[in-house]
C-alpha cells in the first residue's frame, strides 16, 4: 500500500502512461478538463492529450493518480518486475526475498519467472516456491518465449 504523496514524480508519470494506454478519448478529455488544460484543437488525438497531461508538474498529477488508483493505492502494485521492468499492476506476488523489516524486496511476474525456467530469484538467487514442478515451469517459459518470438504460429 502506497500513499500517492510518497510516490516519486517518475513513477507518477509511468503509472499514468500505463493507464492512459487503455483510456478512451472521452476519459482523457475529462482528465484534461479537470487539470485545466485547454485543447488547442478538437482534433487532438489521444496520444497528444496524454502527452500534455504527462507534461504537468508532479503536484498537478497527484490528484489524477489518486482519482485513477485511489489514495492510498491498495489494488495496484506499484513495484516493478525485476525481469521485464513493467509494473506488477494487479499481481501481488513477491518472490519471498525480504529485507530486515520483512518487506518484500524483489518482485516478478510468474510469466517472467516461467521464461527463465529457474525456481530462483533472478536478483539474489534465493530459491522460490513455484506453482507446479520445475519441468512444468520450463515448458511454460518455452511456450511463452515461442509465442513472443513467433506470433504467426499462434494466431488464428
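Read-outs throughout are calculated quantities, based only on the coordinates presented, and are distinct from any laboratory measurement. No experiment lies behind these values; they were computed from the predicted model shown. As a convention, Cβ positions derive from the backbone with ideal geometry for all residues, glycine included, and neighbour counts pool all protein chains shown.
Key figures
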| read-out | value |
| --- | --- |
| Pairwise FRET efficiency - residue 123 versus residue 143, Cβ, R0 = 30 Å, nearest 0.05 | 0.80 |
| Cα-projected label distance for residue 150 with residue 67, points at 7 Å along beta-carbon direction, nm | 4.8 |
| Near-label residues of segment 8-29 by backbone N, under 16 Å of a point 7 Å along Cα→Cβ of residue 116 | none |
| Relative contact order of segment 4-69, defined on C-alpha pairs under 8 angstrom at six or more residues apart (%) | 48 |
| Ranked list, fewest to most other Cβ atoms within 10 Å of each Cβ, for 52, 148 | 148, 52 |
| Segment 4-69, Cα convex hull volume normalised per residue, Å³ | 75 |
| Estimated distance in nm for a label pair at residue 86 and residue 40, the labels positioned 7 Å out from Cα along Cα-to-Cβ | 3.2 |
| Förster radius 30 Å - calculated FRET efficiency between residue 105 and residue 22, Cβ distance, rounded to 0.05 | 0.55 |
